[in-house]
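A short write-up of the structure that comes next.
The values are calculated or read from the model by the stated rules, or taken from the named source; none is laboratory data. Worth saying up front: this structure is predicted, and the values here are computed from it rather than measured. Positions of Cβ are generated from backbone atoms using ideal geometry, with glycine treated the same way; all protein chains shown enter the neighbour counts.
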Amino acid sequence: MKADSQRSFQTGRFDYGSFFFTGVTGLATYLILATLAVILINVLVNGWSGLSLHFITAGTENGMFNVDKAGVLPMIIGTSARVLLMTIFVIPVGVTTAIYLTEYAHSSSIFTRIIRGAVNNLAGVPSIVFGLFGVGFFINFIGHRVMDPMLHPNNPELIVWGKPAIIWASLTLAVMTLPVVIVATEESLKAIPQGLREASLALGATKLQTIIKIVLPQALPGIMTGGILAVSRAAGEVAPILFTGAAYYMASLPHSLTDQFMDLGYHIYVLSTQSSNVDKTAPILYATVVVLLLLTFTLNLVAIFVRAQMRKKLRALN
Amino acid sequence: MKKLISKMAVVAAGLAVAVSAQAGTITVKGSDTLVILAQKWAEVYMGKHPEVKIQVTGGGSGIGFAALQSKQTDIADASRKIKPAEVAGCIKAFNARPTEYKVAVDGLSVYVNNDNPVKELSLDQLHDIFTGKTRNWKEIGGNDAPITVYSRENSSGTYEFFKEHVLKGQDFAASAQTMPGTAALLQAVSKDKNGIGYGGAAYGAGAKALGVKKDEGSKAILPTEETVLNQTYPIWRYLYNYVNPALDKGEIQTYLNWIRSEEGQKIVKEVGYYPLPVGLQEK
Amino acid sequence: MANKEVGSKRSVGWMGLQRGHHAHPLEWIVEKGIFAVSLSAIVMIFLIFLFVAREALPIFFGQLNSAKVQKVMSVAEMEKLGPAELQAYLGLTPEQYASMDTETKRLLMEVKLEEFKESSQDKDATLNTTSWRNMILPHQWSGYSKPEYIWQPVSEIQKYNIIPLLIGSLKATLVALLFAVPLALGAAIYVSQLANARAREWLKPTIELLAGIPSVVLGFFALIVMASVLQSVFGYQSRLNAFVAGIALGLAIIPVVFSIAEDALTSVPRSYTQAALALGSSKWQAAWKIVLPAAIPGVFAAVVLGFGRAIGETMVVLMASGNASIVSWNIFDSTRTMTATIAAEMAEAVVGGHHYRILFMLGALLFVVTFVSNLVGDLVIHRLKHKLEGKR
């Protein structure tokens, strides 16, 4: 087959153009894959030995640059906590917006197009700008100007909310991942056959009942995919949390919404730029990278799997 | 006698109540240079006084001062002296100058690559290199090769200290590469045989610390504990703690005194900085 | 479309809110709620721009003055000033002023003097470095031998010329595009047109897996591994430079460019290829001469969106670019980008100060640049799909 396709239809001579063209584009493809493989293998080979039960369950109480004793539990907890909080904020808003876009809005109306444009643009805003937004809006405006004076008017000097905190980092990330959730949910809502909705309406259910009882349960895998994709995107992001909540070092775990937190991605940045001896601390640096990659890749793979299942179902239904 | 004892008991009980009422958390915030040391202090101290909780966060000297001004922290760690503008902010916030405590000594080393034949430089030569006047190693007795200057990010106290004391306030050369941390800087120097950079006491294969001469005539001195402590090594600095004087009582005072005691200063050495001269220590 | 048909048989509510048979008042409220929440995306875009730009407004309008030298008074002169003057001189709010005793005010006067003594009698001390002129045009600062573009925000005279940062960002982005676009485009053509169905099945998700590598990991890899390897291959002088950062940035945008280009190529109707094959062209000729030209706006959109992504990427350039704020178009010189500058300097900038506001201005600039590139990219893709579907 392969040989045939490289022979021109008319002359039967060897087709150099095809050989060259396929070769170049194929090379580009495999070069990308090779780079990906090099990165992953390099990280795994160097990081695997540093990975141990102790590393995952220990904190930094013996110094964060101590190769034998340092662990990343506080960072794992910090990253999980901020991502979990983010999910709580982003899923309801994202899903509701997607419901509006698919179930209520006319796809051609100007209004819908503006929303779609906004969603697309939100996805393209640089993550560092989200970080600035977190500082300008959440910390300085909501926290400092609104919440602090409201919650303790007698003590104007006290600042509880108007400073970097895990809740502001999570909210910033929630705004950042909003498009991911909207797009994924929309996709899964569209995959549900129109007949299902019509059948429900025909039986006398109202539109809202149809959405809640028929459409949403069907769309659940898609919503989950959106959530997982958002989580995997947010888990590795460092730029938006640099000034909205991540701490260089903390002795204790965050125990309230207004505490700062340590973070896996930020810890990688810290380890690769500020340790007192890069060569000596390289094992914990690599091991931390492996932990973060395992986390984001697992989430990505799960999302890809769920999504593939969903598409299969969609194909079967249509 | 009995009366005295009962009186003492009452006083003791009163003190205990006062202490437990005060027993909250001491928050410490500021310089990344100091954060590991501050953490070690906090740990040892909490081990001895389980009733005290100490929370340590880094971020940078400026962050510590900002937090002090907005009363978000009890103690601000700093690797540089407070600036007048920051003092003004503190006065606006709590009507007094913050109290300054010297808590440790740090020597700043100048690093070059191991393969670099240059072993010592004077402060003037360093000034010229880092401001970009001297651009080739052969001008200062090295190989014929361009100098690559590595500096720190301008948010670090180290940057400001070096700028003020070695560059005499002048700007770093624009071509200086700025590294986000001492580790990145040291790694860069160890990989670049024409590189030069500065930083706190850090260790890395491939880079060495230079001897520094106060001026052309004097002897070059390597940064060691002895030379930093007897102040013959010219580039050294104090590390500071700042505190709102109104809070400098009770537990916070005890803690700050303990840091500067012989016991606290022993930890300074373990972490890699230099203890205060005995005259400045708390007895 | 199907929605509309259903709607046309029933009453159509306000702004497209369609109702079922027995719409309940509560449902009406819930539906209005859904509508309100769906506005969130628009509101967020609006808020982001509003709050990032708000912090930078005084810069845009040139209302800030960073001049160091102002009139300074000795402590004794305090008595001569009226309360309003004193309050303005010390920079206090009325509440602060009212709550302060004389002793504290005297303290502030002293500090003000100290501040004055520390600021040198530099010839540039009277200069407003936050004016547009000084942020864009070169200036001969004291201590420099010729007019230069200088970014030195922590200095006695703070210098905020943004030209080195703009050039730095563009340089790194350009390298990233030069590296990523040919590779991603080649891969997109291969995967969508030439590879067989089974290979396509695993190639696409695998390449998109690259997007799953967090940028801090790419930055780490560029800093620790790639920088040394590339230096020993190309033998340039500074280890960290626009080239290394650009290649790592390229890795970050390959999945973006690839996905969009592949999507555009796939959306070209099958009939185009089939017609070409039937006329006797081979598979590659159909791909090169028929499909690619038809999808060229999509490729353009992919490049534009890749540009937006690359110029906004932070951690990679922060770690791998060397961060020297020099004006040079040599890609082997180290470079300082806008994003890295914000990331590195924001933490210590005093809230509301000049430096803080200028960093926000850089953020607003980034927002506008990426917003425009997104808008262009989206429009082009939209048009393309419309055209291709219309012809089908």
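The criterion of at least 1 residues that are among the small types (Gly, Ala, Ser) and over 28 Å from C:ILE59 (Cα atoms) is met by the following helices (runs of 4 or more DSSP H) wholly inside region C:77-151: C:94-99.
Do we find that B:ASP115 is more than 14 Å from chain A (Cβ to nearest Cβ) and surrounded by 17 or more Cβ atoms within 10 Å (Cβ to Cβ) in this structure? Judged against the criteria, B:ASP115 is not a match. If you go through region A:257-286 and pick out every residue that is buried (at least 24 other Cβ atoms within 10 Å of the Cβ) and over 27 Å from B:GLN55 (Cβ atoms), you end up with 2. Being closer than 24 Å to B:LEU229 by Cβ and at the interface with another protein chain (Cβ under 9 Å from one of its Cβ atoms) is the requirement here; does B:SER151 meet it? No. Consider region C:166-196 and keep the residues that are away from every other protein chain (no Cβ under 12 Å) and in contact with a Leu (Cβ under 8 Å, 6 or more places away or on another chain). The one that is farthest from C:GLY219 (Cα to Cα) is C:VAL175. C:PRO297 meets the conditions (1) within 22 Å of C:GLU208 (Cα to Cα); (2) not in a helix (DSSP H, G or I); (3) not small (Gly, Ala, Ser) in every case but one. The failed one is (2).
Among the criteria (1) touching a residue at least 40 places away in the same chain (Cβ under 8 Å); (2) more than 32 Å from the chain's Cα centre (by Cα); (3) in the same structural domain as C:TYR356 (by TED's automatic domain parsing), the one C:PHE116 does not fulfil is (3). Checked against (1) surrounded by fewer than 24 Cβ atoms within 10 Å (Cβ to Cβ); (2) in contact (Cβ under 8 Å) with a residue 60 or more places away in the chain; (3) under 30 Å from A:PRO126 (Cα atoms), C:ALA310 passes all but condition (1). Among the conditions (1) charged (D, E, K, R); (2) assigned by TED's automatic domain parsing to the domain that holds B:ASP192; (3) assigned to a strand (DSSP E or B), B:ASP128 misses just one, which is (3). Among residues of region B:103-124 that are farther than 21 Å from B:LEU167 by Cβ and modelled with pLDDT of 90 or more, those with a Cβ under 9 angstrom from a residue that is among the hydroxyl-bearing types (Ser, Thr, Tyr) and assigned to a helix (DSSP H, G or I), sequence gap 6+ or separate chain, pair up as B:ASN113/B:SER190; B:ASN114/B:SER190.
Mind checking which residues of region A:64-79 are small (Gly, Ala, Ser) and surrounded by fewer than 16 Cβ atoms within 10 Å (Cβ to Cβ)?
Across region A:64-79, there are no qualifying residues.
Is one or more of the residues making up region A:71-86 within 30 Å of B:LEU37 (Cα to Cα), of a type outside the set (S, T, N, Q) and at pLDDT below 90? Taking every residue of region A:71-86 in turn, at least one turns out to be within 30 Å of B:LEU37 (Cα to Cα), of a type outside the set (S, T, N, Q) and at pLDDT below 90. Answer yes or no as to whether B:LEU34 is in contact with a Phe, Trp or Tyr (Cβ under 7 Å, 6 or more places away or on another chain), under 29 Å from C:LYS117 (Cβ atoms) and buried (at least 24 other Cβ atoms within 10 Å of the Cβ). In short, no.
Filtering A:VAL175, A:VAL90, A:VAL83, A:VAL180 for residues that are under 16 Å from the mean Cα position of the chain (by Cα) and within 24 Å of A:LEU208 (Cβ to Cβ) leaves a single hit, A:VAL90. Of all the residues in region C:227-246, those that are within 26 Å of A:LEU44 (Cα to Cα) and surrounded by fewer than 24 Cβ atoms within 10 Å (Cβ to Cβ) number 6. List, please: which pairs have Cβ atoms under 7 Å, are six or more places apart or on different chains, and start with a residue in region A:80-102 that is within 14 Å of A:SER170 (Cβ to Cβ) and end with one that is at pLDDT below 95 and surrounded by fewer than 19 Cβ atoms within 10 Å (Cβ to Cβ)? Within 7 Å, the pairs are A:VAL93/C:VAL37.
The helices (runs of 4 or more DSSP H) located wholly in region A:62-155 that include 3 or more residues which are within 9 Å of chain C (Cβ to nearest Cβ) occupy A:73-99, A:110-124, A:127-133. The condition (being at pLDDT below 95 and within 11 Å of another protein chain (Cβ to nearest Cβ)) is satisfied by just one residue among C:SER259, C:SER232, C:SER271: C:SER232.
Within region B:169-201, the residues that satisfy the criterion of being facing chain A (nearest Cβ under 8 Å) and either without any contact (Cβ under 8 Å) to a residue 24 or more places away in the chain or of a type in the set (Lys, Arg) (or both) are B:ALA183, B:ALA184, B:GLN187. Being of a type in the set (Asp, Glu) and not in a helix (DSSP H, G or I) narrows it down to one of B:GLU282, B:GLU270, B:GLU263, B:GLU251, so name that one. Of the residues listed, the single one that is of a type in the set (Asp, Glu) and not in a helix (DSSP H, G or I) is B:GLU282.
In this structure, is A:SER200 buried (at least 24 other Cβ atoms within 10 Å of the Cβ) and of a type in the set (Gly, Ala, Ser)? Spelling it out, it is not the case that A:SER200 is buried (at least 24 other Cβ atoms within 10 Å of the Cβ) and of a type in the set (Gly, Ala, Ser).
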